[in-house]
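Asker: Next up is a structure, given as structure tokens.
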């Protein structure tokens, strides 16, 4: 029971460490309070904007854009990744393109997407989806290609059809790696949406709120928005981690 209780407290260590170091920086006067307000004041302001609903519209706008971009990435990346992963030759033929664009900062392509989509929500969603789809595709393909050969061979020896080997063995084996791509993809979607909201004309969104607060030197609201953005990213990652543990319960087992 004690061990279970301790395990439940472990996730609290990170936030406590963050706010402890933050308070230490303030107490030691390494940074002026006008640039970095105390954590207590920042958390009080966070509670105020959440309780009053002042940040609701920005939060919802960012969440909708992130999930829209991620949904597009999943619909394209998973089927295409599985298809390419099932044929090593097919993947090798497009490997350069995947690695080239995966290694290119998506934010560098914002001007290109501006020319195509203009200053619209579609632009923000498209650039985020582009960044996420490459991560989802890459991990889905490698998950299929790296399916345990012994299990594939065992199924083939037992006379299982190629379709059932692919569906019941290779796809199941690839789920763990695919979920890595999904968790990375949803985080990347949020990052690019925030960047797009900052620098592409936007009237709502957490990124818009952060840059607006910085420009008028409202540091409490800026740090509050940053904390809420981080909490959103953590929550999205946690959701997919819990889904993965439920669906891929055999991951890590022999």
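Asker: Please work out whether the chain counts as rounded, prolate or oblate from its C-alpha gyration tensor, where a ≥ b ≥ c are the square roots of the eigenvalues and a/c under 1.5 means rounded, while otherwise a/b larger than b/c means prolate and anything else oblate?
Answerer: Numbers: a/c = 2.81, a/b = 1.56, b/c = 1.80.
It comes out oblate by the Cα gyration axes.
Asker: Just order 130-136, 221-227 by mean Cβ neighbour count inside 10 Å, highest at the front, would you?
Answerer: Put in order of decreasing packing, that is 130-136, 221-227.
Asker: Once a ≥ b ≥ c are taken as the square roots of the eigenvalues of the Cα gyration tensor of region 67-119, is the result rounded (a/c under 1.5), prolate (a/b larger than b/c) or oblate (a/b not larger than b/c)?
Answerer: Note, shape of region 67-119 comes out oblate.
Asker: Something else: Please give the FRET efficiency for residue 24 paired with residue 247, using the beta carbon to beta carbon distance and R0 = 35 Å, rounded to the nearest 0.05.
Answerer: 0.25
Asker: Which order, highest average first, do 60-70, 185-195 follow once you tally other Cβ atoms within 10 Å for each residue and take the mean per peptide?
Answerer: With the highest mean Cβ count within 10 Å placed first, the list reads 185-195, 60-70.
Asker: Kindly provide the helix-only [θ] at 222 nm of the chain, computed as the sum of -39,500 (n - 2.57) over DSSP H runs of four or more divided by all residues, to the nearest 500 deg cm²/dmol?
Answerer: -25500 deg cm²/dmol
Asker: While we're looking at this one, here's another question. Over the Cα atoms of region 1-145, what Rg and Dmax result, in angstrom?
Answerer: 22.0, 60
Asker: With the crude spin-label approximation of a point 7 Å out along Cα→Cβ, what separation in nm comes out for residue 17 versus residue 34?
Answerer: 3.3
Readers should treat all values here as calculations from the given coordinates under stated rules, not as data from a laboratory. Only a predicted model underlies this, so the values are computations on that prediction, with no experimental measurement involved. Backbone-built Cβ (ideal geometry, glycine too); neighbour counts: all protein chains shown.
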